[in-house]
1. Taking Lys499 as the anchor, which aspartates and glutamates have their alpha carbon closer than 16 Å to its alpha carbon, excluding any fewer than eight residues away along the same chain?
2. Between Ser166 and Thr291, what is the spin-label point distance in nm, taking each point 7 Å from the Cα along the Cα→C-beta axis?
3. Order these peptides, 417-426, 359-368, by their mean beta-carbon neighbour count within 10 angstrom, highest first.
4. What is the sum of charges, Lys and Arg at +1 and Asp and Glu at -1, for the other residues whose Cβ falls under 9 Å from the Cβ of Ile307?
5. Can you return the lysines within cross-link range of Lys260? Criterion is Cα-Cα under 28 Å, with same-chain partners fewer than 8 residues away left out.
6. Just for the chain, what percent of DSSP beta bridges are antiparallel, to the closest 5?
7. Explain nothing, just the number: dipole magnitude of segment 371-415 about its Cα centre with +1 on each Lys and Arg Cβ and -1 on each Asp and Glu Cβ, in debye rounded to the nearest 20.
8. Rounded to the nearest 20 debye, what is the charge dipole size of segment 201-290 about its Cα centre when +1 sits on each Lys and Arg Cβ and -1 on each Asp and Glu Cβ?
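Every number in this text was worked out from the coordinates using simple rules, so none of it is lab data. Nothing here was measured: the structure is a model prediction, and the numbers come from that model. Note that each Cβ is placed from the backbone with ideal geometry, even for glycine, and that neighbours are counted across all protein chains shown.
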Amino acid sequence: MLSPRIAQCQQIPLIHEVHSDDERLLNTLDGEWFEILYHFRWEDYQEPAADYYNALYDFNQAPPQTATAGGDASLETQEEARQRLLFDRPTAPIAANPAAPILFHAEVAERQAQDVQPSDVAPGVVPLRLVGRKPKCFFGLLKGFIGASLMGFPAEPEQVHLLLRSNPAFARVCGFSHKEKDRSDYHYQQIPSLRKVEQFDQIMTEAGIWDRIKLSEVKTNLATGVIRPEKEWVGDTTHYHAYSSFETVRYEDDKGNEQKKSQSKLTKRCRCEDWQACPHAWELRDEGAGTIVKSANKMIWGHKASIIGLPEQGVAIDAIAVSDAATHDGQTLFPHVEKVLGDHPDLAQSVRRVLYDSACDDAPLKQRFQDELGIELKASFNPRRSKAISEALPRGMESITPYGVPICLAGHEMDYQGIRYANETFIYRAPQQDDGLSVCIGCRQRAQCCNRDTASGRTITVSFDTLKHIDPSDPPMAKRFKAIMTRRPSVERMIKRLKCDLGDDRLSKRGNDSFQAYLDKTMISYHLLIRHLP
Ligand SMILES: [Zn+2]
């Protein structure tokens, strides 16, 4: 329902016209985006709409300062700035005190204007306070970004603008109309210019509105039972390719040795002609970008996001930018779990365990989860050795893999059975064939291995001392461990959906604030889609 205040003095939204091809689009198979936008519940977004119009008012009053004249910065050479910025990073060679935050936290511009109330706004209804040209409708622009993502394109201004211009059904369902032939003047319902779409995105980012909408989408899905709390969460990180390049900075470590590290190139925000001489501060061109090591010979210059989700339902509940992409994955999970616990008290009540890959297989970290959050951290086993064990082996065994699996002379992997605590050993048994008989019957190595006839096959024990790197209270060979960890890869499907189905892993903007906004926009579409799917 429109509020009376709107109905009395302003025009009723025009977007409820029904076109015959709208009906047809609603019935097409791939029309999820159309259906979601067509049935878009704008009433749920009146609060962010009011926030946006207030922020727009502020923006029009005083456009953001572009350059900061640093006092000391005027004395700083470019090389000094490079060193300063390197040592300020969360992955600095010498940790700063206090430590730089691991996760990105946007600084939200303080709002001055507060005049516009949620009840004042509706699609096509723009508050009167904004004098002059009537601004473009918040709801239309919001739907533009959500729609782009639902269609699988990045929710970025260039893409939204292109789609609005090239796809009439899309423009119409967002509430915009193409310019009429005999009309040359501005009209607020016309498709916005690229500059206006960019400005909308910038204001939404700076005022923290993308983040607030994301949070409210997840909360709505929880409150309405679209997603249910689970007793396990799953986490992982993922990378996006940066829209920037790096330079190699040489620096001295605490022992005085020369080291190298990749870092974003520097820039200044001012438009002075001579950056070497002007007094404005140098800053990183792409703050947050860093080298992400995928393997010994694969490194990516990009941004890193931490994802937390519900493994059973396969639903991502938060995605956050990591302050410095070069941060090790073992450091991102704890602060992120802490944040999600704070954001979602109803999820916090039921969570007992968090699953992660081997980057978090770390005893002190597990202890910290237990002590500070009362949550069990379960990580894939990281053997921290690459060589198989070949000494002090039971008779008939060739080696034991770093994962604690003995392999016999005939090449069979022994099945883990359990622990004999009395003599501190792990117990294994030879595997069975498809017919249920032990592989030992009929084995050629029998004479050197099984020294007597046994129908159940060879049983061996391996002392805890031989497998010092395996925690007997949580052995990764155990069925229970494996059963729990089978739920971990569900996070990879969540990441695929966010990164490929609802966008692109190649960024088109720089800086952590844009990256976080991109994650937020994608998450908004993701949760709208989940709500819509049967
Ligand atoms: Zn300058």
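1. Counting by Cα, and skipping residues close in sequence, Lys499 has these aspartates and glutamates nearby: Glu156, Asp236, Asp318, Asp520.
2. Distance between the two pseudo-spin positions: 3.7 nm.
3. On the way: 417-426: 13.9, 359-368: 15.5.
Output ranking for 417-426, 359-368: 359-368, 417-426.
4. On the way: positive: none; negative: Asp236, Asp318.
Once positives and negatives cancel, what remains is -2.
5. Lys268, Lys294, Lys298, Lys304, Lys509
6. On the way: 47 of 56 bridges.
Just about 85 percent of them are antiparallel.
7. Numbers: 5 positive and 7 negative charges, 52 e Å.
Value, rounded to 20: 260 debye.
8. Numbers: 14 positive and 17 negative charges, 39 e Å.
Charge dipole of segment 201-290: 180 debye, to the nearest 20.
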